[in-house]
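In what follows, a structure is listed as structure tokens, so that the remarks can point back to it.
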Amino acid sequence: MAAGLAAASVVLITLVIGVRGIAAMRTTSDFLVASRRVTPLLNAAAVSGEYLSAASFLGVAGLVLKDGVGALWYPVGFAAGYIAMLVLVAAPMRRSGALTVPDFAEARLASPRLRKLTAVVVLVIAGLYLVPQFRTAGLVLSVVSTTPYWVGVVLAGTAVATTLALGGMRAATYVQAFQFCLKLVLFIVPAIWLVLTAGTSVRDAAVEPTEYTHFPHDTPVTFRVDVTLDVTDPVTAFTQEGAPVALSEGTHHMPADSTLVFPEGARVPEVGGISQPGGPAWERPLLNVAGAGYPLLGTLAVLIATTLGTMGLPHVIMRFHTSPDGRAARRTAAITVALLSVFYLFPAVYGVLGSVLVPDLYLAGATDTAVVALPMQVDTGWQGTLFTALLTGGAFAAFLATSLGLLLAASGAVAHDLAPAGLGRLRVTVVALASVVVCLALFAKHLDAGVLVTWAFTVAASTFSPMLVLGIWWPRLTAAGAVSGVLAGLLASSGAIAVTLFGPGISGWQAILLAQPAPWTVPLAFLTMVLVSLRGRPPAWSMPAMLRLHLAEDRSASRQDRSLTVRRTR
Amino acid sequence: MNRTPSGKRVAVMSPQTRLARSRHRLRGQWRMPRLDPGDTDRALRAYLRQRRRGAVALTATAVLLLGLAVLLALAPALTEVRLFGVRVSWLLLAVLPYPVMVGLAWWQLRRAEAAEDDPADHRTGRADGHIGRAAAAGADR
């Protein structure tokens, strides 16, 4: 209940900020000047606040519990993305004056066609990124209180859509920077408390895991999604009312929202294709994508997607515009690496503690709730309740911060790039898009947040990343080349994801290349862009168009608040 | 709401909101990018220098991350070795990459800024050499 209140209060505060703006901001002399004097540190905190989503707050620890220590490659890639951003994109993107990737497409290549195509890609990326946010909000609410899953999803969607439709997120640089500090504290303090309170035996078990083969005590398992159990030793479990349920050897289908209590000492049933927490495969610090083996290929696939995908995330790239000039944008990226690095030291703590304290969550299909489930395992008194509430609040802060930015980016893409005359009103678009995402999230309960988000990164890495990198560093890129490369990357990556979701089961290395297609879709997009561009001729202004992205602003001029901006007139 | 010195009320909002609401005002005729001859030389030198330095930093990052993955794949014995009671292979993945990446980012930032600070590049003419700031008002506000 307290956790529900914590979530409600975070939602309410966001609503209030959205509707009223912050009182403190209204009294400062001139926020608009301030926004162009945002220091790199403040902006980096805002970037991190926007970036740390439910996937980072809950998803990574959940994946560690489910897939093993190798899942820690995800946050490594998430942080490494900002090195790529620092080297390749930050300063030139700021100097282009473009605020979004569709803007950049038109500014660098003068192609309205490419602008529309990139707006479609923004929608795909935002969709893949938003669905897990809403899903995780619903799942967490259903675990900490007793509301059904759909209620949480609808509530989350309503909160985000209302906030945006009523006023956007005002004074967002400060809000997002504050959100980052909030998330950092709400993530680190409970982690330290958990480690200190858990006791020596749990700490020892966490660093020396044993395979989860037998239930150490009577364990109730509430299946959050449809789960197929593979029973090797016949066992008699009980329903919550105490009626015995005999599970014979073989597979048993468990419907969602049913609960079984497994007796102490019984052998843990297996869940198809997932290694048991604590087993030898679980301990290996490499990724086993799609249960297919080939750990190096799986790790590489996730690294490429997360590192290169970061450059093309529509809600993040817009933040760099708040920097006064290219130099400050570059500093922002560098500081972001440091801020994220602090945060990403801690998912591992939740993951390994979860494998000891709540390993049954992997049976329930609810590993994403491990972070919020942990405090009650350590302390059932007020402390446990308090820390559950803190973590739930942090998870909602993470979910809201990312969702607001993404939904606004997606609505902007529809209302201004795709259908400038048609859908017109931004508010209508926001509500319509939020409804679509809520509907999608209702059917996505069984998909892990970390996996879905990585798909968003994969699409970004296969479309925007080649377009930005070649647009900024290769003068010969033509509009036709960019269009065909983005199209090839979009079709290939979303096609592979669709096959994974709806297609036949495939095993071996082909399964990895379908589940995490970045290792071939990214080179495909780059190659298509280069080859098609080489067949055509870049316009005469192509070279100056590229070079001006690398021209440092005159620093005495930028101190007077001037900056290079897009070559467009009103 | 906020007031500019002239007393006009201005909505205070995030760059995203500002952008989403004002982009339709920004759309206009696309103008061909132009560079002064002096700026072209300066930009070309900056571009080549940044490209060289950037390539080195990216290679270093790739070698670090891929090297770590290969090391963990080829040396499963690292899982048996303990440091402070924790498996070395876990520490290598959960802790080591972050300080190294922060170091790399810092190093590359220094080099990129040093490349920009080359005195040979400093503009000799007047400070107002902007390529185009016609839309500055719309984009920044």
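The numbers here are math on the coordinates, done by the rules we state, and not lab data. Note that the structure is predicted; figures quoted are calculated from it, not measured. For neighbour counting, all protein chains shown are included, and Cβ atoms are generated from backbone atoms with ideal geometry for every residue, glycine included.
Ignore the peptide's own chain and count Cβ atoms of other chains within 10 Å of each Cβ in A:329-337; give me the average, rounded. Let's see the in-between values first.
Details: counts 0, 6, 3, 0, 3, 10, 4, 1, 9.
Average neighbour count from other chains, rounded to a whole number: 4.
Treating cross-link reach as a plain straight distance, find the aspartates and glutamates whose alpha-carbon is under 18 Å from the alpha-carbon of residue A:116, omitting any fewer than eight places away in the same chain.
Once the sequence-local aspartates and glutamates are set aside, what remains near residue A:116 is A:103, A:106, A:417.
For residue A:66, list the aspartates and glutamates whose Cα falls under 14 Å from its own Cα; do not include residues on the same chain fewer than 8 positions away.
Those aspartates and glutamates meeting the cut-off are A:211, A:270, A:283, A:360, A:368, A:448.
With a 10 Å Cβ neighbour count serving as the proxy for reagent exposure, in which order, fewest first, do A:118, A:147 appear? Write down the numbers at each step before the final one.
Working: A:118 29, A:147 15.
Going from least to most buried by this count: A:147, A:118.
Pull up the cross-link candidates among the aspartates and glutamates for residue A:183, meaning alpha carbon to alpha carbon under 12 Å and not fewer than 8 places away within one chain.
Once the sequence-local aspartates and glutamates are set aside, what remains near residue A:183 is A:50.
Return a whole-number percent for the relative contact order of region A:411-542, with Cα pairs under 8 Å and 6 or more residues apart as the contact set.
Details: 125 pairs, mean separation 37.2, N = 132.
Value for region A:411-542: 28 percent.
Compute the relative contact order of chain A as a whole-number percentage, counting only Cα pairs closer than 8 Å that sit 6 or more residues apart in sequence. If you can, show how the numbers build up before the last one.
Details: 1091 pairs, mean separation 167.1, N = 570.
Answer for chain A is 29 percent.
Normalising by the residue count of region A:219-275, find the relative contact order in percent from Cα pairs under 8 Å and 6+ residues apart. Don't skip to the end; give the middle numbers.
Numbers: 114 pairs, mean separation 27.1, N = 57.
So the answer I get is 48 percent.
Please find the FRET efficiency linking residue B:41 to residue B:80, where r is the Cβ-Cβ separation and R0 is fixed at 51 Å, and quote it to the nearest 0.05.
Working: r = 59 Å, r/R0 = 1.15.
After rounding, the FRET efficiency stands at 0.30.
Using only the Cα atoms of region A:219-275, build the gyration tensor, take square roots of its eigenvalues as a ≥ b ≥ c, and label the shape rounded, prolate or oblate: rounded if a/c is under 1.5, else prolate if a/b is larger than b/c, else oblate. Write out the running numbers ahead of the final one.
Numbers: a/c = 1.64, a/b = 1.13, b/c = 1.46.
Verdict is oblate for region A:219-275.
Pulled fully out, how much extra length does the chain show between residue A:259 and residue A:382, if you take 0.36 nm times their separation in residues and subtract their Cα-Cα distance? Each step should come with its number before you reach the end.
Working: separation 123, 0.36 × 123 = 44.28 nm, distance 2.61 nm.
Gain on extension, residue A:259 to residue A:382, equals 41.7 nm.
Let me spell out the model: positive unit charges on the Cβ of Lys and Arg, negative unit charges on the Cβ of Asp and Glu, origin at the Cα centre of region B:53-121. What dipole size does that give, in debye rounded to 20? It would help to have the intermediate numbers written out before the result.
Details: 5 positive and 6 negative charges, 97 e Å.
The dipole of region B:53-121 has a size of about 460 debye.
Rank-order A:331-341, A:251-261, A:505-515, A:362-372 by packing density, defined as the average count of other C-beta atoms within 10 Å over each peptide's residues, highest first.
Values: A:331-341: 25.5, A:251-261: 14.8, A:505-515: 16.8, A:362-372: 27.6.
The packing order, highest mean first, is A:362-372, A:331-341, A:505-515, A:251-261.
Applying a 10 Å radius around every beta-carbon, put B:52-58, A:196-202, A:541-547 in order of their mean neighbour count, most first. Spell out each step's value before the answer.
Numbers: B:52-58: 15.9, A:196-202: 12.3, A:541-547: 20.6.
Ranked by mean Cβ neighbours within 10 Å, highest first: A:541-547, B:52-58, A:196-202.
In region B:53-121, if the dipole is taken from +1 on Lys/Arg beta carbons and -1 on Asp/Glu beta carbons about the Cα centre, which of B:90, B:108, B:63 is farthest to the positive end?
With unit charges placed on the Cβ atoms, the residue in question is B:90.
Picking from A:286, A:239, A:261, whose Cα lies most toward the positive end of the charge dipole for region A:215-299 (charges on Cβ: Lys, Arg +1; Asp, Glu -1)?
Looking along the dipole axis, the top candidate is A:286.
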